Amino acid sequence: MSTYPNEVYPSNAEIEALDGTEDSGTGLAYVAKGVGPNSSPTYEVQYNRRLQRQNGVLSVVNQGRVVDEGGLTFGVFPIVYYFQDARQVFAGATGQAVADDSTVYVWLNSSNELTTGASFPGDTKTFLPLAKITTANGDITSIEDERGAVLFHVPY
């Protein structure tokens with residue numbers, strides 16, 4: 001069982017002081033207090049500008065993410081990755097079927113093919129792990145993201 005810390009939020013004063021500033025780590029702007037539909041640029045424009053940049057940042061970590069497409073099907077977002085010093089491009093997938101009442105592991109094999117099985121291969125140097133899917137009663141009940149296993153990997 002994992003342990004998750006209880007991160008404390010900054011004080012209200014600290015958050016209010018962010019109005020109209022830019023986050024140095026991401027370059028994302030904080031919308032200033034008082035911005036509204038009659039401001040120039042409007043609240044909608046400022047908010048959507050932030051979302052557009054934020055989506056660009058998130059698109060990098062969204063690569064290879066396995067998602068529930070309804071019923072017993074899943075899809076995988078496209079991903080560019082390195083496998084044993086070779087650049088690989090997986091174009092993504094949709095409509096991938098999984099069995100009911102099961103646990104299925106999803107990975108890209110050494111041939112850059114989407115693969116599923118009852119467990120990951122034993123040799124961690126032969127595949128890119130993507131997810132663990134659990135199904136029951138005709139639906140996907142959970143998708144555990146396994147990409148972090150290689151994102152936070154110390155090569156030997």
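The values are calculated or read from the model by the stated rules, or taken from the named source; none is laboratory data. Fair warning: this is a prediction, and the values are worked out from it, not measured in the lab. As a convention, Cβ positions derive from the backbone with ideal geometry for all residues, glycine included, and neighbour counts pool all protein chains shown.
What to note about this one:
- When each of L114, L151, L128 is tested for being out of contact with any Lys or Arg (no Cβ under 6 Å at 6 or more places or on another chain) and under 16 Å from V67 (Cα atoms), the lone residue that passes is L114.
- Number of positions in segment 45-80 that are over 13 Å from the mean Cα position of the chain (by Cα), over 16 Å from V106 (Cα atoms) and among the aliphatic types (A, V, I, L, M): 3
- Residue check, L58 without any contact (Cβ under 8 Å) to a residue 40 or more places away in the chain and in the same structural domain as L28 (by TED's automatic domain parsing): yes
- When segment 15-34 is filtered for residues that are among the small types (G, A, S) and outside any loop (DSSP other than H, G, I, E, B), only A29 remains.
- Filter result for V80 (modelled with pLDDT of 95 or more and closer than 30 Å to N137 by Cβ): no
- Residue that is farthest from the chain's Cα centre (by Cα), among those in segment 122-156 that are at pLDDT below 95 and charged (D, E, K, R): D123
- Residue match in segment 55-63 (condition: closer than 30 Å to V31 by Cα, at pLDDT 95 or above, assigned to a loop (DSSP other than H, G, I, E, B) and not hydroxyl-bearing (S, T, Y)): yes
- Criterion applied to R87, R49 was being in the same structural domain as G20 (by TED's automatic domain parsing) and either without any contact (Cβ under 8 Å) to a residue 24 or more places away in the chain or assigned to a loop (DSSP other than H, G, I, E, B) (or both), and the one residue passing it is R49.
- Options Y30, Y43, Y9: the member that is aromatic (F, W, Y), in contact with a helix residue (DSSP H, G or I) (Cβ under 9 Å, 6 or more places away or on another chain) and in contact (Cβ under 8 Å) with a residue 12 or more places away in the chain: Y30
- Scanning segment 110-156 for residues that are surrounded by 14 or more Cβ atoms within 10 Å (Cβ to Cβ), on the phi < 0 side of the Ramachandran plot and of a type in the set (S, T, N, Q) yields S110, T115, T116, T134, T135.
- Test: residue in segment 22-44 that is surrounded by fewer than 13 Cβ atoms within 10 Å (Cβ to Cβ), touching a strand residue (DSSP E or B) at 6+ places or on another chain (Cβ under 9 Å) and not assigned by TED's automatic domain parsing to the domain that holds T141: yes
- For segment 99-156, a tally of residues being small (G, A, S), touching a strand residue (DSSP E or B) at 6+ places or on another chain (Cβ under 8 Å) and part of a strand (DSSP E or B) returns 3.
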